[in-house]
Amino acid sequence: MGEHSKKQIGTILKYAILIIVGFIMVYPLIWMVGATFKTNQEIFTNMTPFTAHPSLDGYRNSMNDYGGKINLLKAMLNTYSYVIPKVLFTVVSCTITAYGFGRFNFVGKNVLFAVLMSTLFLPNVVMNVPQYILYNNFGWIDSKIYLPLVIPSLFAFDTYFVFMMIQFLRNIPKELDEAATIDGCNSIQTLWHVICPMLKPAMVSCALFQFMWSSNDFMGPLLYVKTVERYPATIFVKLSMDADTGFEWNRVLAVSVISIIPQLVVFFCAQDQFIDGISAGSVKG
Amino acid sequence: MTEKLIGKRSGSLQLFWRRNYGAMFILLWLVGFLVFRLYPFLSSLVYSFSDFELFKPEITKWGFMNYSEIFSDKKIMNSLGITFRYAFITVPLKLAFALFIAYILNYKIKGVNFFRTAYYIPSILGGSVAIAVLWKALFRDEGLINAVIRFFGGDGVNWLADPKYALFIISLLRVWQFGSAMVLFLAALKGVPADLYEAATIDGASKIRQFWSITVPMITPIIFYNLVTQLCQAFQEFNGPYIITQGGPRNATTLFSLLIYNRAFKSYEMGMASAMAWVLFIIVMVLSLIAFISQKYWVYYGDER
C-alpha cells in the first residue's frame with residue numbers, strides 16, 4: 001500500500017470517528033426536539049426524531065399551570081428576573097475588581113490576590129450550609145427579589161470572572177492608561193474611557209457565561225426559593241417531571257425544550273465568544 | 001514645631017494615599033469576600049463541632065460527635081465510597097475522551113468549527129435540568145437506549161433501576177459534557193511546536209510514539225488544570241443524582257453531596273451537615289494537594305522551573 005493511500009485511509013478514518021461521535025453526542029438532543037411533536041404512544045416506540053403524525057399536544061399541554069400558581073412562561077420570567085440583574089452586577093463588579101488588581105499596587109496586594117485565586121479552588125459544597133444560615137439571618141430566604149441569588153454578584157462573588165478579566169487586562173498596553181492620565185483623566189475616567197472599551201470582549205464573555213450558568217442553576221433556587229409563584233424554570237422543569245413522568249412525556253420534554261430555548265439562541269448567536277472565553281481564561285465548565 | 005509635624009504627617013498620609021488608592025477598586029470584592037465567603041467558611045467549621053439545628057433555639061453540645069458519627073455511620077461511609085467511585089469513573093473517562101477528540105480535530109480537518117460547536121453544545125446545556133430530564137427519557141426501561149437495543153434483538157437493561165448500572169449512567173451524563181475540556185485541549189495542542197513532530201518523523205517515530213513522547217508531555221499543564229477542576233467538580237456532583245435517580249436504586253447513586261443536602265435542608269441538622277461538608281472539603285483539598293505536589297514529576301512547563 002502506497003504512502004498516499006495510507007494517508008487517505010487515515011483521513012477517512014478521522015472523519016468517520018468525528019462524524020460518528022458527533023452523531024452520538026447530538027442525536028439525543030435532536031431526538032428530544034422530535035419527541036415533543038409525537039404523541040405519548042409514539043415517543044418511545046419510534047427511535048427516529050421524525051413522526052408521521054405530528055401533534056402539538058406536548059406544546060399545548062406544556063402551558064398548563066400548577067394549581068393556578070405557576071406555569072412555564074411565568075417560571076421563565078422568574079428566571080430572567082434574577083439572571084439579568086445578576087449578569088449586569090457580575091460584569092460591573094468583576095471589571096472594577098480586575099482593574100484594581102491588574103493596574104494598581106497597594107499594601108497587601110499579593111496576599112489578597114492569592115486569596116482571590118484560592119477561592120477559585122474552594123469547593124462550593126462547604127459553603128451551602130453556612131451561606132444558607134447567613135441568608136436566613138439576613139431574612140433573605142424566599143425573598144421576593146431573589147436577594148440570595150443576586151446580591152453576592154454585586155461583590156464580584158464569582159471570582160473566576162475576575163481572574164479571566166485580569167488575564168485579558170494583561171494584554172492591554174499600560175501606555176494607554178498613562179496617556180489618559182497625561183490627558184487629565186483620573187483613574188475612574190481611565191477605567192471608563194480607556195479600559196472598558198478595550199475589555200469589551202472579556203466583558204461579553206463574562207456576561208455570556210454568567211447568563212448560561214445562572215439560568216441553569218438549580219441548587220441556588222432549590223435552597224432559596226420556597227414560594228411556588230416564584231419558582232424559576234429549572235425548578236419548574238423538575239416539578240413537571242416529577243408530576244408527569246410515566247404518562248405525559250411529550251409534555252415534559254416540551255417543557256424542557258422551551259426552557260432551554262433562550263440559552264440555545266444565545267449560544268448560537270455567540271458561539272465564538274464562548275470558545276474564546278474558555279480558551280482565554282483557561283477555564284472550568 | 002507642631003505645625004511642621006502636622007505638615008509632615010499629612011504629607012506622608014498623602015503619599016500613602018497616592019501609593020495605595022488603587023485598593024479602593026478591590027474594596028467591593030473584599031467586602032463580599034469577608035461577608036459571603038470567609039465568614040460562612042469559618043462559621044461552618046465552628047458549627048461542625050456543635051449540634052446546631054436551624055429551628056432549635058440554641059446549641060446544647062460541643063465536641064467531635066458529628067465527626068465520630070460520620071466515621072462510624074455505615075450509610076455515610078458507603079456514600080463516600082460511591083462518591084470516590086463516581087469521581088474516578090467520570091474524570092478519567094471525560095478527560096480521555098476530550099483529549100482523543102481534540103487530538104483528531106487538531107489535524108487539518110475541514111469544518112473544525114462545525115464539529116467543535118457540535119461537541120460543545122452538551123457542555124453548555126448539560127448543567128440544565130432539561131438535560132437531566134432527557135437523560136431519564138433515554139435510560140428509563142422504556143427509554144430510547146433500550147428501544148435501540150431491542151431493535152437489534154437485545155433484551156435491554158433497566159439502567160436506572162439496577163444498582164449495577166445507575167451510577168455509571170449518572171457519570172455518563174457528565175462524560176457527555178466533555179466539550180469545554182476538549183476546547184482547552186485543542187488550544188493546548190495548537191500550541192505544540194510543529195518542528196518537534198517534524199524532527200520526530202525524520203527520526204522515524206510512529207504516530208503513537210509521537211503522541212506519548214511529544215504531545216502528552218507538551219500539554220501536561222492543561223491536563224493538570226483539567227484534572228484538578230474536574231475532580232473538584234465531580235466530588236460535588238449534585239444535580240444529576242438528585243434529579244434523575246434521587247440517590248436510588250438502593251442508594252447506589254447517593255453521592256455525598258446528596259446526603260449533605262438531606263441532613264441540612266430536610267432535617268435541618270446544620271451542625272452535622274457542616275461536619276460532612278468539611279470532610280468532603282478536606283478530601284478535595286488533599287487530592288488537589290497531591291496533584292499539586294506530584295506536578296513536578298509529570299507536568300512540563302516550557303520555561304523549566
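Since every read-out is calculated from the coordinates, none of them should be taken as a lab result. Computed from a prediction, not measured in an experiment: that's the story for all the values here. Note that we place each Cβ from the backbone using ideal geometry, even for glycine, and neighbour counts take in every protein chain shown.
Couple of notes before you dig in:
- Rounded to the nearest 10 degrees, the inclination of helix A:125-138 to the longest alpha-carbon principal axis of chain A is 80 degrees.
- In chain A, helices alone account for a calculated mean residue ellipticity at 222 nm of -22500 deg cm²/dmol, with every DSSP H run of four or more residues adding -39,500 (n - 2.57).
- Exposure proxy shown here: for B:W29, B:W278, the number of other Cβ atoms within 10 Å sets the order, fewest to most, as B:W278, B:W29.
- Gyration tensor verdict on chain A (Cα atoms; rounded if a/c is under 1.5, prolate if a/b is larger than b/c, oblate otherwise): oblate
- Neighbour net charge for A:K109 - beta-carbon separation under 12 angstrom, K R +1, D E -1: +2
- Here's the list of aspartates and glutamates a cross-link from A:K69 could span, going by alpha-carbon distance under 12 Å and ignoring same-chain residues fewer than 8 apart: A:E229.
- Ascending count of other beta-carbon atoms within 10 Å, so fewest first, for A:R103, A:R170, B:R150: A:R170, B:R150, A:R103
- Value of [θ]222 nm, deg cm²/dmol, for chain B, DSSP H segments ≥ 4, -39500 (n - 2.57) each, nearest 500: -20000 deg cm²/dmol
- Under 17 Å from the Cα of A:K200 - aspartates and glutamates, other chains or at least 8 residues apart: A:D177, A:D272, A:D276
- Inter-label distance for A:Q41 and B:F64, nm, one decimal - labels placed 7 Å from Cα along Cα-to-Cβ: 6.6 nm
- In the elastic network of chain B, a GNM with C-alpha springs shorter than 10 Å, the most mobile of B:A194, B:A118, B:A277 is B:A194.
- Leading residue at positive end of dipole, the stretch A:3-62 (Cβ point charges), from A:I9, A:G34, A:T45: A:I9
- Cα gyration tensor, chain B - rounded (a/c under 1.5), prolate or oblate: oblate
- Prolate/oblate/rounded call for the protein assembly as shown, Cα gyration tensor, a/c under 1.5 rounded: oblate
- The slack between A:F121 and A:K6, meaning 0.36 nm per residue of separation minus the straight C-alpha distance, is 36.8 nm.
- Between the amide H of B:V192 and any residue lying 5 or more places away or on another chain, no distance stays under 5 Å, with hydrogens modeled in the peptide plane.
- Between the beta carbons of B:Q14 and A:D272, assuming R0 = 60 Å, the FRET efficiency works out to 0.80 to the nearest 0.05.
- The ranking of B:M270, A:M25, A:M212, A:M117 by Cβ neighbour count inside 10 Å, starting from the fewest, reads A:M117, A:M25, A:M212, B:M270.
- Working from label points 7 Å from Cα in the Cα-to-Cβ sense, the A:K144 to B:R209 distance is 7.4 nm.
- Net length gained if the chain between B:L196 and B:L93 were fully extended (0.36 nm per residue, minus Cα distance): 34.3 nm
- Taking amide H as placed 1.01 Å from N in the peptide plane, A:I70 has no amide H partner under 5 Å among residues 5 or more places away or on another chain.
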